[in-house]
1. Give the residues of segment A:309-330 that are within 8 Å of chain B (Cβ to nearest Cβ) and over 16 Å from A:A268 (Cα atoms), sorted by residue number.
2. Here are A:S161, A:S124: which of them is hydroxyl-bearing (S, T, Y) and more than 11 Å from chain B (Cβ to nearest Cβ)?
3. Being assigned to a helix (DSSP H, G or I) and either over 29 Å from A:A286 (Cβ atoms) or touching a strand residue (DSSP E or B) at 6+ places or on another chain (Cβ under 7 Å) (or both): is that true of B:R235 here?
4. Which condition number in (1) facing chain A (nearest Cβ under 10 Å); (2) in a loop (DSSP other than H, G, I, E, B) is the one that B:S204 fails?
5. Can you confirm whether A:E127 is over 25 Å from A:D194 (Cα atoms) and surrounded by fewer than 24 Cβ atoms within 10 Å (Cβ to Cβ)?
6. Tell me which residues, restricted to segment A:1-37, are buried (at least 22 other Cβ atoms within 10 Å of the Cβ) and among the small types (G, A, S).
7. Checking B:K195 against (1) within 30 Å of B:D145 (Cβ to Cβ); (2) outside any loop (DSSP other than H, G, I, E, B); (3) in contact with an Asp or Glu (Cβ under 7 Å, 6 or more places away or on another chain), only one condition comes out false. Which one?
8. Which residues, counting only those in segment A:377-433, are among the polar types (S, T, N, Q) and part of a helix (DSSP H, G or I)?
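The values are calculated or read from the model by the stated rules, or taken from the named source; none is laboratory data. In this text the structure is predicted, and so the values were computed from the model without any measurement. Because the Cβ atoms are built from the backbone with ideal geometry, glycine has one as well, and the counts that use them run over all protein chains shown.
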Amino acid sequence: MDAPTFTVGIDLGTTNCSMAACADRDPAQSVAIPQIVAPSEIGEERLLPSFLFVPAEAQFPAGALALPWYPHARDVVGTFARAQGASTPTRLVSSAKSWLSHAAVDRRGAILPWQAPEDVPRCSPVEAAARYLGHLRAAWERAHADAPLAEQDVVLTVPASFDAVARELTMEAAELAGIEAPTLLEEPQAAMYDWLAQRGERWRDELVVGDVVLVVDIGGGTTDFSLIVVRDDEGCLTLERVAVGDHILLGGDNMDLALAYAVRAELAERGTELDDWQVRALTHAARTGKEALLADESLAAVPLAIPTRSSRLVGGTIRASLTRAMIDAVVLEGFLPAVEADARPQVVRRTGLTALGLPYPSDAAITRHLAAFVGRAAALPTAILYNGGVTRAASVRERVRGVLARWLEGVGKPAPRVLAGSDPELAVCRGAAHYGRIRRQGGVKIRGGTAHAHYLGIQRAELAVPGVPPRLDAVCVAPLGMEEGSEVTLPQPFGLVLGEEVSFPFFASATREGDRVGAVVKPQELQELAPLEATLPAPEGTQPGAVVQVHLHARVTEVGTLELSAVEHTTGARWKLSFDVRGTGQS
Amino acid sequence: MAPQPPCPWCRATDQHGRPNRGSTARRPGDVDLFPGTRSDAFGEAKRHGTAQYGRGRNLRQGGRLSAAFSVRYQIALTEGHDVESLGLGARLWLALTLPWRIIFDGLFAAKLTSIDAPAPTPLPAPRREPKVEVREAEIVRPAVDPGPALQLLAIFQREGRFVDFLREDVSSFSDADIGAAARVVHEGCSRALGKVVELAPVRSEGEGAAIELPVGFDPARVRVTGKVVGEPPFRGKLAHHGWLATAVHLPETTAGHDPKILAPAEVEL
């Protein structure tokens, strides 16, 4: 294999995917993605909406969804999938990425579209993600026939909040899509890399030792926070990612929907009822109106026009208005209220039976989630880097900055600066491409290692009491902040039964910085992930059922995934432990 | 199916951008992710560890085809047809097919006779003899393909309900009603227009600015009105800056695309 010509960054987003590439020293450029925009029409767009639509056999003419690389397509991704899926939701796969990190379901099982009727073909979250990545790969190879993607240096971004299992499944999706061994990079870091690439050497003028950059990433469907600290390493400025937030399923789409409902309620008061189709048209109009109002403070209201579905456009269009008061009440007070530093997301007590869907947060206030994140982080932010489509709006940026400034003022710190100049829609894929180049050619790298510490559940050796399940201890097997390529070994040995399947509860935490390898903690303080499992074949000369002593090794691979293996004490034989992602069946 | 020769006028393959209408027969290597039959190539490929979407041979074929049939419509509209050297394959094809076309297609033969004539240059204009222009007006008229025009109309309808708007009798509606509908049309169509056509003004000066048109100005690009007396240079005021399409990016169309269907009927089940 020749040395790769390009480094390619892929942003596998919850609502949109994008791709950028750079060769040599050129800046990363976004790559146009051909996709079905209407039946039998292929248009090029910068974003590939992360939607998969599975039409009924008779829904479109034969070949209407065909792509040059997928001539017998029976499903469609991208712009047309999103448009068609809006009016036929039972056949639409959306938010596949959020399902990928949802431990309560079988992520390799054909479960999407979620709760689809019997006759709708389904796929697994992994397959859906693979489908988007496969489309991106084909799009790339169509434009670069002489540079197959598998031979390029590919960097794939994941939310910082993705745990080891979700990262592993992302890799699996990439491999299914024919992208071999991409490097994983956290999205907020990618946004930071894009900013660094834009600034060039001048970034050292804008950030000084001790600066703490808060990356606020509010996308279409998810919100993510990260903290990156500027340190002095023997006279050189270095960057280190020190904290990541939870995966919050909240974003711009929620705001548009909330605004649409506010407008609909007002129309209902005037006696105008909207059908489902009109509500979707209204949501779309509300997004445009929201962007206009958030961009221009002097506008008092934006008129909205809601067409009917029939061909009677002039006679049937309903007039409504999106006012500044609505934006203030719904977007700014609803999603970004000016809360105190000690505010925390409100948790609604679950009823006994909970629908097994995506774990949407019960508190829509992004600033309360931010308060919780800043409150538990060790360092206070001094600068903000925005990312995600919502943060294009000046009022949103100003609200987040204002709220943070008040918290900082409360502890006698100056207001945070804003790191400007990156495109919130394409920063992640471009930053990923830039990172790929840094890995090859050198440059400022953000250190920080793994974002989570991982723990294994081990039954306590104590007398069994009938009716009481044996108590679990959680032992730290991989501390937070492990660098790529590093390996740790758990000091205490285990006895493993050969020839039988073994399974361990597995946990993670994004906050427990102090835990070293072997530290024993309470599982209640951790987040439970998919269990680890392995069937260790009995080597020749050993009896099945024999117990061997093993040591547990945890390694962070060069591409950023966590690998756990059991190594036998005496022979050095190694067995890889894998994640069981069949789901716990509870949310 | 052998590749069609590139159009000698604009290098588009196949008369002005109809893409490859490839056979719809199933080819080995095609991978369906959702076969109602999950017999599925995907499952099988997965078992063999080769699950790849449209990968390998098929894609590479696709890549070649797409290069050959690339229908970008990115015709440099402003600069006429600047022709680049053709590849050997295309030249061979031309050499084989051209004699037959010359014999059987009088119009085409006539076009060929003009191929060596220098492309009309905007400057200096007086040299352009009226005779030449008359000849061009007669011959530069390929068979009209309504496809792209209808496709653009379909896009405006899809994105901004353009046809609905124009076909409705608006005489009985209030300005406010028409205005509301115009918002729908304007929002959608301006977005679509921005994607499909790259526009630039013909004249970069501000409207109302004083303009001097030199000898040999291009009367196709600038139309003079009012007191037009004598010979250029002319002095006047820019009343409208004009519009120029600098590039067109119509979506490619694939087999089964019927441009006559501007909008399908919709039935809610």
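1. Within segment A:309-330, A:R309, A:S311, A:R312, A:L313, A:V314, A:G315 qualify.
2. Working: A:S124 fails: more than 11 Å from chain B (Cβ to nearest Cβ).
On inspection, the qualifying residue turns out to be A:S161.
3. Numbers: assigned to a helix (DSSP H, G or I): no; either over 29 Å from A:A286 (Cβ atoms) or touching a strand residue (DSSP E or B) at 6+ places or on another chain (Cβ under 7 Å) (or both): yes.
It is false that B:R235 is assigned to a helix (DSSP H, G or I) and either over 29 Å from A:A286 (Cβ atoms) or touching a strand residue (DSSP E or B) at 6+ places or on another chain (Cβ under 7 Å) (or both).
4. B:S204 satisfies every listed condition except (1).
5. In short, no.
6. A:G9, A:G13, A:S18, A:A20, A:A21, A:A28
7. (3)
8. Across segment A:377-433, the qualifying residues are A:T391, A:S395.
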